[in-house]
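*Asks:* Mind looking over this structure? Questions follow.
The values are calculated or read from the model by the stated rules, or taken from the named source; none is laboratory data. Note that the structure is predicted; figures quoted are calculated from it, not measured. Because the Cβ atoms are built from the backbone with ideal geometry, glycine has one as well, and the counts that use them run over all protein chains shown. Calculation scope for accessible area: heavy atoms of the full protein, side chains included, ligands and nucleic acids excluded. Shrake-Rupley method; radii C 1.70, N 1.55, O 1.52, S 1.80 Å.
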Amino acid sequence: QVQLVESGGGLVQPGGSLRLSCAASGSISSILAMHWFRQPPGKQRELVAAIVPGGSTNYADAVKGRYTISKDNAKNTVYLQMNSLKPEDTAVYYCNIMSGVSNYWGQGTQVTVSS
């Protein structure tokens, strides 16, 4: 069973940056898309960014121009570069890989933006 392991979360001041990583423990075939979601305290999980095998990306309006999703196929890893962080970006961030046969989720990593 392939597992997704996230890292890179933590506490950062407003205006700071963090880079999240999500590494798959094995190869995943027939990938349809790779996503980052987040769940702020007391709120529902929301889609933050998506990337497809061809490299096209999409972002939630709230993070456009500040976040960048990317992937390294050789390392089975997807990244989320987060710049100009705001307190409202505070959330548990989850990576997701959707394939033709299954839907994989990471365990989540906490991002806290606070002075």
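Conditions (1) on the phi > 0 side of the Ramachandran plot; (2) among the charged types (D, E, K, R), marked per residue:
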position	(1), (2)
Arg45	no, yes
Val48	no, no
Ser56	no, no
Leu80	no, no
Ser84	yes, no
Gly106	no, no
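*Asks:* So Glu88 fits all but one of (1) in a strand (DSSP E or B); (2) under 20 Å from Thr112 (Cα atoms); (3) among the charged types (D, E, K, R); what number is the exception?
*Replies:* Looking at each condition in turn, Glu88 falls short on (1).
*Asks:* Mind counting the residues in the stretch 50-66 that are closer than 21 Å to Leu11 by Cα and in contact (Cβ under 8 Å) with a residue 24 or more places away in the chain?
*Replies:* Of the residues in the stretch 50-66, 2 are closer than 21 Å to Leu11 by Cα and in contact (Cβ under 8 Å) with a residue 24 or more places away in the chain.
*Asks:* Same structure, new question: Restricting the first residue to the stretch 73-92 and requiring it to be over 22 Å from Gly42 (Cβ atoms), which pairs with a second residue that is open to solvent by 60 Å² or more (accessible area, probe 1.4 Å) and assigned to a strand (DSSP E or B) meet a Cβ separation below 6 Å and a spacing of at least six or different chains?
*Replies:* Between residues of the stretch 73-92 that are over 22 Å from Gly42 (Cβ atoms) and residues that are open to solvent by 60 Å² or more (accessible area, probe 1.4 Å) and assigned to a strand (DSSP E or B), the close pairs are Gln81/Arg19; Gln81/Thr68.
*Asks:* Among what's in the stretch 91-115 and is open to solvent by 60 Å² or more (accessible area, probe 1.4 Å), polar (S, T, N, Q) and assigned to a strand (DSSP E or B), pick the residue that is farthest from Gly8 (Cα to Cα).
*Replies:* Asn103
*Asks:* Something else about it: Between a first residue in the stretch 104-115 that is closer than 10 Å to Ser7 by Cα and a second residue that is open to solvent by 20 Å² or more (accessible area, probe 1.4 Å) and assigned to a loop (DSSP other than H, G, I, E, B), which pairs have beta carbons less than 7 Å apart while being 6 or more apart in sequence or on different chains?
*Replies:* The qualifying pairs are Thr109/Gly8; Thr109/Gly9; Gln110/Gly9.
*Asks:* Here's another thing I want to ask about it. Name the single residue that is most open to solvent (accessible area, probe 1.4 Å) among those in the stretch 67-89 being closer than 21 Å to Gln110 by Cα and over 13 Å from the mean Cα position of the chain (by Cα). Steps first, answer last, please.
*Replies:* As a first pass, look at the stretch 67-89 and keep what is closer than 21 Å to Gln110 by Cα: 67-71, 77-89.
Now restrict to residues that are over 13 Å from the mean Cα position of the chain (by Cα): 83-88.
Values: Asn83: 57, Ser84: 63, Leu85: 3, Lys86: 81, Pro87: 73, Glu88: 118 Å².
Here the answer is Glu88.
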